[in-house]
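Computed from the coordinates by the stated procedures, all read-outs in this text should not be read as laboratory data. All figures in this text were calculated on a predicted structure; none of them were measured in a lab. Neighbour counts are summed over all protein chains in view; Cβ atoms, including those assigned to glycine, are modelled from backbone coordinates with ideal geometry.
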Amino acid sequence: MGTAIDLTPFGFTPTESLIYEVLLTSGPGTGYTIAREAGLARANVYAALEGLVTKGAARVEEGRPRRFRPEPPSTLLARLTDRQGEAIDRLSGALKALAAPATTTLVELTSSRGAVQLMGHEIARAERSVDLLAPPDGCLALAPQLRRAVNAQLALSVSSTASVPLGTIIVDVVSRGEWPGEPVIMVVDARAALIGSRDSDRFNGHWGSGDAFVAAAAHALARIRGDA
């Protein structure tokens, strides 16, 4: 049986990925019925089910025999996002403790979700200023980090292509002009920047720390806002 869901990049085994998909498509069931649906040995399926429960992708219903129910995809995604954020924060702290010499960086980004996670992490690290232009849903996703930036009294400037309800945070509405797709630009502390474009569910962009790249991002922001 093939599987359309791959949870292995998030610490799940291939069998756990398959069984989670079976739970979603066939509904809750006992270990026996799930093993029959998946076409796998019961011992392997029970081990996968226990793994899914431990990792927050499934739950056990009360009663006998035990029945396993999948957590909704939105719940699983939220948990995985939270865990990844914590893991990135721990890694960032460990790398910072090594005090390695700073080097110029340029990283290609192809995921909207990944770009938002990176921006949130960098906003949290900001020490002086954050200059952001993002689609409305991107601004909303970054709201907690933006509010912390306000509380830390950083210089904060936020723009979007439509009105965004962010409470006391002022969001200037701008036109994307000739930018291909929806513009996504951010400059943090004048030390690093993101330049990207989102078109429907596709994202193309780069994150960099070179002086010329950061200056280009700042210039692009000023041009779209009409300051240049």
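All alpha carbon pair distances within the stretch 8-71 were sorted into 10 Å bins beginning at 0; the resulting P(r) in whole percents reads 25, 63, 12, 0. A viscosity of 0.692 mPa s and a temperature of 37 °C, combined with the Kirkwood radius over Cα pairs in Stokes-Einstein, give a translational diffusion coefficient for the stretch 108-189 of 257 µm²/s.
Between the helical axis of 112-125 and the longest alpha-carbon principal axis of the chain there is an angle of about 60 degrees.
Using alpha carbons only, the radius of gyration of the chain set against its Kirkwood radius gives Rg/Rh = 1.09. Once you put a point 7 Å from the Cα of GLU108 and another 7 Å from the Cα of ARG225, both along the Cβ direction, what distance in nm separates them? Going from the GLU108 label point to the ARG225 one covers 3.1 nm. For ARG67, neighbours were defined as the other residues whose beta-carbon sits under 11 Å from its Cβ, and their charges (Lys and Arg +1, Asp and Glu -1) total +2.
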